[in-house]
Amino acid sequence: MSAPGPDAEPTTVREAQQMFRNFADGFSELRLYRTLALGIAADDDVARLLLAARPGQARPILLLAALHDLVLAHPELPAARWYPSVTGGPVPDGDPWPDVRDAALTHADRLRRVIATRGTQTNEANRAVHMGALVAEASTDVPDAPVVLLEMGASAGLLLELDAYRIEIGAPGTPGAAVLGDPASDLVTQGELREGSVAGLRLPRVVGRVGLDLAPVRPDDDAELRWLEACLWPDQPERLERFRAAVRHVRARPPHLVRGDMVADLGAVARRAVQDADDAAGERAHLVVLSSWALTYVRPERRADVAATLATLADDGRPVSWVTAEPLGCVPGLPELGPGAWAGEADPETVLGAHLWRDGTALPPALWGVSHPHGAWLHWHGR
């Protein structure tokens with residue numbers, strides 16, 4: 001039996017089970033989740049839990065995240081001993097499925113509630129690799145202007161703290177590499193530089209930070225932060241450590257997070273943000289809007305409204321930049337990417353683009369690079 005297409009919804013237990021089989025085939029390097037996916041694929045009762053998901057959310061990772069959230073909240077469960085995120089050690093030898101299946105069936109009502117009300121949400125601090133390069137590049141022609149960062153789809157606002165992280169792009173000391181942000185930070189983000197040079201880039205002075213999200217996560221909301229952690233792979237300790245360090249940063253300096261639609265409410269939120277930043281800096285601030293795997297969740301017919309809104313904000317001559325790390329074809333107006341244009345990355349996962357307005361005029365939209373969705377590698381051309 002074939003699985004539903006990538007945008008289809010499973011309507012039967014068998015379709016849900018096939019989705020888990022396909023998931024296991026695609027994630028063979030993650031032993032814990034591959035084993036659990038195969039277990040769910042063979043178990044009607046556990047696979048049925050996924051059918052409680054809202055439209056558009058019924059994906060294997062949602063049920064796996066709900067299970068992860070369960071053991072993070074209840075580390076005393078026998079199932080928790082299989083999760084490195086709980087134990088701090090590797091996945092032990094043996095078969096985790098009996099313990100995890102028992103936890104799933106014992107706590108089935110809780111899991112159904114989570115699956116019926118949640119969606120998977122990744123707030124990956126390592127995206128500071130490509131976002132840091134984008135912000136620095138966007139500021140090269142206005143290097144002395146203070147910056148107000150506004151992130152679309154900010155979640156907990158972890159990327160709004162990017163200048164407080166140590167951002168290593170390329171191995172330190174190698175040609176073209178650079179360290180952005182705070183070189184002494186306890187949070188280190190790293191990305192392989194596969195092409196180009198970021199040497200000479202510097203992050204600007206940030207005087208304001210605002211996040212816009214339909215459901216922002218406050219830094220004091222332990223349950224919501226636990227859900228963000230549950231959406232990470234439990235056997236990737238470097239990602240978990242980075243997430244926890246980023247949470248410490250936002251708790252120490254909470255960004256201003258606004259609940260609202262990232263398109264409809266962008267103009268009002270941005271106007272308030274630049275007014276506050278101008279007041280704080282005593283001069284006109286450079287508005288830099290960030291979008292990293294957020295615009296892709298906006299209906300295609302609404303995406304062009306972002307640029308139209310920002311163009312209005314730039315009418316008075318304020319420098320405005322919209323820097324994007326989104327899937328290929330997602331951001332309206334960007335130049336097309338030809339096959340093989342980026343050192344063999346014929347089908348790049350994330351395209352790094354920029355819309356800039358200077359002195360009230362829109363500059364030609366530009367492609368500055370391509371990258372891994374979480375910043376693990378980067379091809380960079382810049383301007």
Exercise. Has the stretch 249-257 got any residue that is modelled with pLDDT of 95 or more and either crowded, with 19+ Cβ neighbours inside 10 Å or part of a loop (DSSP other than H, G, I, E, B) (or both)?
Worked result: yes
Problem set entry | Hits in the stretch 163-183 (condition: at pLDDT below 95 and either closer than 26 Å to ASP305 by Cβ or among the β-branched types (Val, Ile, Thr) (or both)) | THR174
Seminar exercise, completed: Among ARG209, ARG226, the single one that is touching a strand residue (DSSP E or B) at 6+ places or on another chain (Cβ under 6 Å), outside any loop (DSSP other than H, G, I, E, B) and either crowded, with 20+ Cβ neighbours inside 10 Å or touching a residue at least 24 places away in the same chain (Cβ under 8 Å) (or both) is ARG209
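Take the stretch 73-85 and flag every residue that is touching a residue at least 40 places away in the same chain (Cβ under 8 Å) and either in contact with an Asp or Glu (Cβ under 6 Å, 6 or more places away or on another chain) or not assigned by the TED database to the domain that holds ALA53 (or both).
Once the filter is applied, which keeps residues that are touching a residue at least 40 places away in the same chain (Cβ under 8 Å) and either in contact with an Asp or Glu (Cβ under 6 Å, 6 or more places away or on another chain) or not assigned by the TED database to the domain that holds ALA53 (or both), the stretch 73-85 yields only PRO84.
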Problem set entry | In the stretch 335-383, the residues that are under 22 Å from ALA307 (Cα atoms), assigned to a loop (DSSP other than H, G, I, E, B) and modelled with pLDDT under 95 | PRO335, GLU336, LEU337, GLY382, ARG383
Exercise. Looking only at the stretch 304-334, which residues are among the aliphatic types (A, V, I, L, M), open to solvent by less than 10 Å² (accessible area, probe 1.4 Å) and either at pLDDT below 95 or assigned to a strand (DSSP E or B) (or both)?
Worked result: VAL320, VAL323, ALA325
Problem set entry | Only listed residue being surrounded by 24 or more Cβ atoms within 10 Å (Cβ to Cβ), more than 22 Å from ARG251 (Cβ to Cβ), outside the structural domain of SER85 (by the TED database) and touching a strand residue (DSSP E or B) at 6+ places or on another chain (Cβ under 9 Å), chosen from ALA138, ALA178 | ALA138
Exercise. Pairs under 8 Å by beta carbon, first residue more than 15 Å from GLU15 (Cβ to Cβ) in the stretch 37-52, partner open to solvent by 60 Å² or more (accessible area, probe 1.4 Å), six or more apart or different chains?
Worked result: LEU38/ARG21; GLY39/ARG101; ASP45/LEU105
Problem set entry | Test for GLN190: is it free of Cβ contacts under 8 Å to residues at least 12 places away in the same chain and polar (S, T, N, Q) | no
Exercise. Which one is nearest to LEU313 (Cα to Cα), of the residues in the stretch 237-248 that are open to solvent by 40 Å² or more (accessible area, probe 1.4 Å) and at pLDDT below 90?
Worked result: GLU238
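Residues checked against (1) in contact (Cβ under 8 Å) with a residue 12 or more places away in the chain; (2) of a type in the set (Ser, Thr, Tyr); (3) in contact with a Lys or Arg (Cβ under 8 Å, 6 or more places away or on another chain); (4) surrounded by 22 or more Cβ atoms within 10 Å (Cβ to Cβ):
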site: ASP69; (1), (2), (3), (4): yes, no, yes, no
site: THR87; (1), (2), (3), (4): no, yes, yes, no
site: ASP95; (1), (2), (3), (4): yes, no, no, no
site: ALA104; (1), (2), (3), (4): yes, no, no, yes
site: ARG118; (1), (2), (3), (4): yes, no, no, no
site: HIS130; (1), (2), (3), (4): yes, no, no, yes
Seminar exercise, completed: Counted residues in the stretch 261-277 being surrounded by fewer than 18 Cβ atoms within 10 Å (Cβ to Cβ) and either within 18 Å of the chain's Cα centre (by Cα) or of a type in the set (Asp, Glu) (or both) come to 3
Seminar exercise, completed: Scanning the stretch 150-172 for residues that are in contact with a strand residue (DSSP E or B) (Cβ under 7 Å, 6 or more places away or on another chain) and farther than 20 Å from PRO373 by Cβ, the one surrounded by the fewest Cβ atoms within 10 Å (Cβ to Cβ) turns out to be PRO172
For this session: Scan the stretch 184-206 for residues that are open to solvent by less than 20 Å² (accessible area, probe 1.4 Å), among the aliphatic types (A, V, I, L, M) and touching a strand residue (DSSP E or B) at 6+ places or on another chain (Cβ under 6 Å) and report the count.
Result: 2
Exercise. Does the stretch 62-72 include one or more residues that are in the same structural domain as ALA24 (by the TED database), within 20 Å of PHE243 (Cβ to Cβ) and not aliphatic (A, V, I, L, M)?
Worked result: yes
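The values are calculated or read from the model by the stated rules, or taken from the named source; none is laboratory data. Keep in mind the model is a prediction, meaning the values are calculated, not measured. No Cβ is skipped: glycine too gets one built from the backbone with ideal geometry, and neighbour counts run over all protein chains shown. The protein model used for the area step is the full one, side chains on, heavy atoms only, and it has no ligands, DNA or RNA in it. Shrake-Rupley method; radii C 1.70, N 1.55, O 1.52, S 1.80 Å.
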